[in-house]
Each structure stands twice: as structure tokens, then as C-alpha cells.
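Chemist: Starting off with a structure, shown below.
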Amino acid sequence: MKKFQNEPGIFSILLIDDIQANLYALRTLLESSFNFLVIHEALNANDALSILMNNHIDLILSDIQMPNMNGFELAKLLKQSSKTKHIPIIFITAVYNTD
């Protein structure tokens, strides 16, 4: 029987990446390695914010390079909110290019 989010023993992760294939790869890796895991996915920072406001999230795995709001900007915003400032964020990126 699958446990539901917010039950003891449930760990909830938010994956954020603007490339669907990357989300699929991360989800597949996590689901094959851990039991009782709830995975949410967002293709951009705005979708991530919506998920964060409506769900309990224990950990965020985020890409850095995304359109409109990058991972660093999202993290700064999240650390300003009492609802999300406690959530650990791990950045996952292949390459970070900057001027």
C-alpha cells in the first residue's frame, strides 16, 4: 500500500528543470532508489512556486539555468518566505555559462 504525503516516513522532493528529459531522468533514478517518496516536478520557477505554496516539500533539486527566473533567483526568493526558507536546495546543472 502506498503511503501518502505528510504521513510519517514520506519524503517529498520537488524537481525543477526546464528540460522534460532531465526531469524524467531524475524521477526515474529517485524512484528506483527510494521507497515512500513523493516527487513533484516543475518546468520553471513559477510552476515551482505554485507547487511549493500548495504542498509540503522536504527537498528541492533545481537546475540553475532556466528562462525568466534562474535557480539562484528562485532560491533567494524562497529563503525570504517563512513557508519555504527551511527547505534545503541542491543545484543540479551540467554547465553554468555566464558573461
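The values are calculated or read from the model by the stated rules, or taken from the named source; none is laboratory data. Remember, predicted model here, so these are calculated numbers, not experimental data. Ideal geometry is used to build each Cβ from the backbone, glycine not excepted, and the neighbour counts take in all protein chains shown. Each accessible area value is taken on the protein alone, full model and side chains, heavy atoms only, with ligands, DNA and RNA left out. Shrake-Rupley method; radii C 1.70, N 1.55, O 1.52, S 1.80 Å.
Residue-by-condition table, conditions (1) loosely packed, with under 11 Cβ neighbours inside 10 Å; (2) modelled with pLDDT under 95; (3) assigned to a strand (DSSP E or B):
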position: GLY9; (1), (2), (3): yes, yes, no
position: LEU15; (1), (2), (3): no, no, yes
position: ASN35; (1), (2), (3): yes, yes, no
position: GLU41; (1), (2), (3): no, no, yes
position: GLN65; (1), (2), (3): no, yes, no
position: LEU74; (1), (2), (3): no, no, no
position: GLN80; (1), (2), (3): yes, no, no
position: VAL95; (1), (2), (3): yes, yes, no
position: THR98; (1), (2), (3): yes, yes, no
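Chemist: Mind checking which residues of region 44-63 are in a loop (DSSP other than H, G, I, E, B) and open to solvent by less than 70 Å² (accessible area, probe 1.4 Å)?
Modeler: Matches in region 44-63: ASN44, ASN55, ILE57, ASP58, ASP63.
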